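The values are calculated or read from the model by the stated rules, or taken from the named source; none is laboratory data. Since this is a predicted model, take the numbers as computed values, not measurements. All Cβ positions, glycine included, derive from the backbone under ideal geometry; neighbour counts span all protein chains shown.
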Amino acid sequence: MAEVVPLVQPADMRQAEYYKTVLAERRTHLDAELADHCVPLAEDQDNRDLHGVRHLHQVIGKKRREQFEVDCLLRALDHRFFPSLASKTRLMRCFDIEIAQKRRCWTIHIPEINGRIKAPSRDEVEMMAREHIAVSIGAPIAEIAVQVVTRP
C-alpha cells in the first residue's frame, strides 16, 4: 500500500524549507558549542576542579536539551512536509533508573554510569536523567531512553 502524502500548499512548503534550514543551522551551531565545552570538561576533570566540572556539566546539559528540542522540531517538519526524508528508526540506548521521593525532590540513581542526581518534580525525572546520561556518555539526548524503577 502506498503512503498517502497530504496536500501541501507551495507557501507552506517554502516556509517549511526555511524553518528546516534555520533549525539545521542552529543544530550545527549547537554541535560546535558542545565540542567547545567538552574539551575543557576533559581538562578540568584532570585538575579536579569540582566547581568548574559541575558548571560545565550544567552548560553541556542545557546545550544537549536544546539540541534535543531542535532534533524534535526537525523530525516533526520532516514527518509533515518531507515524509521521504523522515527517519523511520533511531538507535537508542536504554538505561534503567531508580527513583525515590525525598521530601520536596526526587532522587535519581543511574546504576550503569553510577550517576546520582536530583529532580525538583516527578515530571522532570526522565528528562533530567536522559540529560545527565547524555552529558556523561557524550551522546545526544534523542539517543537515550530510560526505564524507571521506583525504589521503596
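Beta carbons closer than 6 Å, at least 6 apart along the sequence or on distinct chains, pair a first residue in segment 9-30 that is closer than 14 Å to Glu69 by Cα and at pLDDT below 95 with a second that is among the polar types (S, T, N, Q) and assigned to a helix (DSSP H, G or I) for Leu30/Gln67. Pairing each residue of segment 108-127 that is under 11 Å from Glu98 (Cα atoms) with any residue that is modelled with pLDDT of 90 or more and of a type in the set (Ser, Thr, Tyr), provided the two are 6+ apart or on different chains, yields no C-beta distance under 6 Å.
Counting only residues that are acidic (Asp, Glu) and modelled with pLDDT of 90 or more, give me the strands (runs of 3 or more DSSP E) lying completely in segment 89-152 with at least 2 of them.
Values: elements: 93-102, 105-110, 115-119, 144-150.
Those strands (runs of 3 or more DSSP E) span 93-102.
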